[in-house]
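Following: one structure in structure tokens, then a few remarks.
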Amino acid sequence: MALSLYEDFNYTLTRESPETRGEFQDAGEGRVTVGWEILSPPAGPDGVPYQLIFVGPTSEHRGCALRLNLVTRDGEQAPDDAEVLLETYYHTGEERTVLFQGRYGDFKAVPDQRAAGAALAIQKRAEAGEDYVIRLGVSVPEGGQTLDPEADDSYFELECVKLWWNETA
């Protein structure tokens, strides 16, 4: 029996989430990477920060769901061999954790990513506290198809646990 996705999430990050900074495009080393940058939520009005927890796989579940659809400027799906990288890190670039690394074709192989239990899952647990960046990028060779994260058909969904982090002595 296949393991289910983590079901006790309480928040889903999307392109429309207030935490999403926007789209990005980077080029270098013969590749072009596009995607979305997300910031961990700022502290609340009381000054207490939030924390995002991305639950990874355990013996009881596959982890939090990651859904992705990315099209080119021509409206075609991103190529199967495009490289997908979801990572989180402190804004200085330290404490980097790779949550998911794979091929875009793995997402295309799921007929309906929103069907119960059908989405891919993150591969490693991570916590993103104050001043953390979450970055979801898709990379293709330079000169290839032009990926368009701003297109209406391009989206991502990343399930997580959003906590109001209050520590007392």
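The values are calculated or read from the model by the stated rules, or taken from the named source; none is laboratory data. Everything numeric in this text was worked out from a predicted model, so none of it was measured. Here the Cβ positions follow ideal geometry from the backbone for every residue, glycine too, while neighbour counts run over all protein chains shown.
Residue check: is GLY47 at pLDDT below 95, outside any loop (DSSP other than H, G, I, E, B) and at positive phi?
In short, no.
Please work out which one of (1) in contact with an Asp or Glu (Cβ under 8 Å, 6 or more places away or on another chain); (2) surrounded by 12 or more Cβ atoms within 10 Å (Cβ to Cβ) is the condition GLN25 fails and give its number.
Result: GLN25 fails condition (1) only.
What pairs come up if the first residue lies in the range 10-21 and is in contact (Cβ under 8 Å) with a residue 12 or more places away in the chain, the second is surrounded by fewer than 16 Cβ atoms within 10 Å (Cβ to Cβ) and assigned to a strand (DSSP E or B), and their beta carbons are under 8 Å apart, counting only those six or more places apart or on different chains?
Pairs found: THR20/THR14; THR20/GLU37; ARG21/GLU37.
Take the range 30-44 and flag every residue that is at pLDDT below 90 and surrounded by fewer than 19 Cβ atoms within 10 Å (Cβ to Cβ).
PRO42, ALA43, GLY44, listed by residue number.
Residue under question is GLY56, and the condition is that it be out of contact with any Cys (no Cβ under 6 Å at 6 or more places or on another chain), surrounded by 13 or more Cβ atoms within 10 Å (Cβ to Cβ), touching a residue at least 24 places away in the same chain (Cβ under 8 Å) and under 30 Å from GLN145 (Cβ atoms); does it hold?
It is false that GLY56 is out of contact with any Cys (no Cβ under 6 Å at 6 or more places or on another chain), surrounded by 13 or more Cβ atoms within 10 Å (Cβ to Cβ), touching a residue at least 24 places away in the same chain (Cβ under 8 Å) and under 30 Å from GLN145 (Cβ atoms).
Please go through (1) surrounded by 14 or more Cβ atoms within 10 Å (Cβ to Cβ); (2) in contact with a Ser or Thr (Cβ under 8 Å, 6 or more places away or on another chain); (3) without any contact (Cβ under 8 Å) to a residue 40 or more places away in the chain for ARG96 and return the number of the only condition it doesn't satisfy.
Of the numbered conditions (1) surrounded by 14 or more Cβ atoms within 10 Å (Cβ to Cβ); (2) in contact with a Ser or Thr (Cβ under 8 Å, 6 or more places away or on another chain); (3) without any contact (Cβ under 8 Å) to a residue 40 or more places away in the chain, the odd one out for ARG96 is (1).
Of GLY129, GLY117, which residue is within 13 Å of PHE54 (Cα to Cα), in contact (Cβ under 8 Å) with a residue 60 or more places away in the chain and not aliphatic (A, V, I, L, M)? So that I can check it myself, show each step before the final result.
Details: GLY117 fails: within 13 Å of PHE54 (Cα to Cα).
Criteria check complete, one pass: GLY129.
Scan GLY144, GLY105, GLY75, GLY137 and give me the residue that is of a type in the set (Gly, Ala, Ser) and at positive phi. Full working, then the answer.
Working: GLY144 fails: at positive phi; GLY105 fails: at positive phi; GLY137 fails: at positive phi.
Testing whether each residue is of a type in the set (Gly, Ala, Ser) and at positive phi leaves just GLY75.
Take the conditions touching a helix residue (DSSP H, G or I) at 6+ places or on another chain (Cβ under 6 Å) and surrounded by 12 or more Cβ atoms within 10 Å (Cβ to Cβ) and apply them to ALA126. Does it pass?
no
Here's a check for you: in the range 1-22, which residue that is aliphatic (A, V, I, L, M) and not in a strand (DSSP E or B) is surrounded by the fewest Cβ atoms within 10 Å (Cβ to Cβ)? Steps first, answer last, please.
Taking the range 1-22 and keeping what is aliphatic (A, V, I, L, M), we get 1-3, 5, 13.
Within this subset, residues satisfying the condition of being not in a strand (DSSP E or B) are 1-3, 5.
Working: MET1: 3, ALA2: 5, LEU3: 14, LEU5: 21.
Across the range 1-22, the extreme among qualifying residues is MET1.
Please work out which one of (1) under 21 Å from GLY22 (Cβ atoms); (2) modelled with pLDDT of 95 or more is the condition ILE122 fails and give its number.
Only one criterion in (1) under 21 Å from GLY22 (Cβ atoms); (2) modelled with pLDDT of 95 or more is unmet by ILE122, namely (1).
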